[in-house]
Amino acid sequence: MLIAHTIDDLRQALAPYRRPAFVPTMGNLHDGHIALVEQARPLGDVTVASIFVNRLQFLPHEDFDSYPRTWEADCNRLQAAGCDVLFAPREADLYPEPQTFKVQPDPALADMLEGHFRPGFFTGVATVVMKLFACVLGASGGTAVFGKKDYQQLMVIRQMVRQFALPITVVAGETRRAPDGLALSSRNGYLGLQERQEAVALSQALRQLAARWEQQPSSGLELEQQAMDGLRARGWQPDYLTVRRRGDLQPAAAGDAAGSLVVLGAARLGATRLIDNWEF
Ligand code: PAF
């Protein structure tokens, strides 16, 4: 696996290829990331991953400084997964001057849910992803694979690609889960032992909310409140648990067809904020 730190080195490494398949990450790779790399491999003539902890998508009080950085292990895992090129820019390589020019996602999609609780998050994500796309996929385009675990992020990226007519195919990867059902996430590493046991309650609450919504769609808001109260009673601080339409993430209504909805949730357990979702 070739490792490029600068944009010039990356472009040189990718020059012989026409259709890269790309998996952007912030490192601290787990099986979910590796599954995305494996999914990407047959989709291009070269498989590229990036590792870059993007300051622009963290609020000042969030975990940018303490975000787990596990360089050696990440390189070994990518190499074993058959990744051909790793792009790992330093901050000064990707942001040699302050990144004052930003990509502003559609507020109708990006200011709710995660964007409501993490203002500016999707501007930071869209800006770095646009820049990574320019570095890795360039003018001729290619394929980019994003996990469904970050459901709203995937939708923001899809809309960005569509509206800017980028020559990029965005492919979604299914969420990988631990045997007990907890969605794999780099932030799971922050959980203490007892918290780790409790953490599965978020995915359980989402599935239960989906099942109850299917039976009583007209009581949607009440069911969402009950689901959040249930988590609060177990010591969580939920930001939202809500049933939405998959197409635009607007609130679901009683007439919405089965198979067109997703339940999304974000909640804090101790100091760790977890997100998850479940399509139904
Ligand atoms: O999902 C992530 O890990 C990040 O938001 C991404 C897409 C790599 C942008 O920094």
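The values are calculated or read from the model by the stated rules, or taken from the named source; none is laboratory data. On a predicted model such as this, the values are computed, not experimentally measured, just so you know. We place every Cβ from the backbone using ideal geometry, glycine too, and count neighbours over all the protein chains shown.
Pairing residues of the range 46-67 that are over 16 Å from G120 (Cα atoms) and among the small types (G, A, S) with residues that are part of a loop (DSSP other than H, G, I, E, B) and more than 13 Å from the ligand (Cβ to nearest atom), at Cβ distances under 6 Å and at least 6 apart in sequence or on separate chains, gives A49/C83.
Determine if the range 123-141 includes at least one residue that is over 22 Å from V85 (Cβ atoms), within 9 Å of the ligand (Cβ to nearest atom) and either at pLDDT below 95 or basic (K, R) (or both). The answer is no, given that none of the residues of the range 123-141 is over 22 Å from V85 (Cβ atoms), within 9 Å of the ligand (Cβ to nearest atom) and either at pLDDT below 95 or basic (K, R) (or both). In the range 70-96, the residues that are modelled with pLDDT of 95 or more form Cβ pairs under 6 Å with partners that are of a type in the set (G, A, S), at six or more places apart or across chains, as follows: D74/G27; L78/A49; C83/A49; V85/A13; L86/A49; F87/A4; F87/S50. For the residues A165, A172, the requirement of being on the phi > 0 side of the Ramachandran plot and either within 13 Å of the ligand (Cβ to nearest atom) or assigned to a loop (DSSP other than H, G, I, E, B) (or both) singles out A165. Taking first residues from the range 122-145 that are assigned to a loop (DSSP other than H, G, I, E, B) and partners that are more than 10 Å from the ligand (Cβ to nearest atom), the Cβ contacts under 7 Å between residues at least 6 apart in sequence or on separate chains come to L137/P20; L137/F22; L137/I168; S140/R18; S140/P167; G141/L166; G141/P167; G141/I168. Within the range 30-80, being out of contact with any Ser or Thr (no Cβ under 6 Å at 6 or more places or on another chain) and charged (D, E, K, R) holds for D31, E38, D45, R55, E62, D63, D65, R69, E72, D74, R77.
Filtered by the rule that a residue be assigned to a strand (DSSP E or B) and within 9 Å of the ligand (Cβ to nearest atom), the range 35-57 gives S50, I51. Restricting attention to the range 85-121, the residues being on the phi < 0 side of the Ramachandran plot and part of a loop (DSSP other than H, G, I, E, B) number 19. Against the list (1) surrounded by fewer than 17 Cβ atoms within 10 Å (Cβ to Cβ); (2) more than 23 Å from the chain's Cα centre (by Cα); (3) touching a residue at least 60 places away in the same chain (Cβ under 8 Å), the condition A15 fails is (3).
Candidates are the residues of the range 104-141 that are in contact with a Lys or Arg (Cβ under 8 Å, 6 or more places away or on another chain) and polar (S, T, N, Q); the one that is surrounded by the fewest Cβ atoms within 10 Å (Cβ to Cβ) is S140. Restricting attention to the range 82-103 and to residues that are more than 13 Å from the ligand (Cβ to nearest atom) and farther than 22 Å from T70 by Cβ, the residue that is surrounded by the most Cβ atoms within 10 Å (Cβ to Cβ) turns out to be K102.
Within the range 243-280, which residues are crowded, with 18+ Cβ neighbours inside 10 Å, of a type in the set (G, A, S) and closer than 16 Å to R232 by Cα? Result: G265, A266, A267. For the range 245-278, a tally of residues being free of Cβ contacts under 8 Å to residues at least 40 places away in the same chain and in a strand (DSSP E or B) returns 3.
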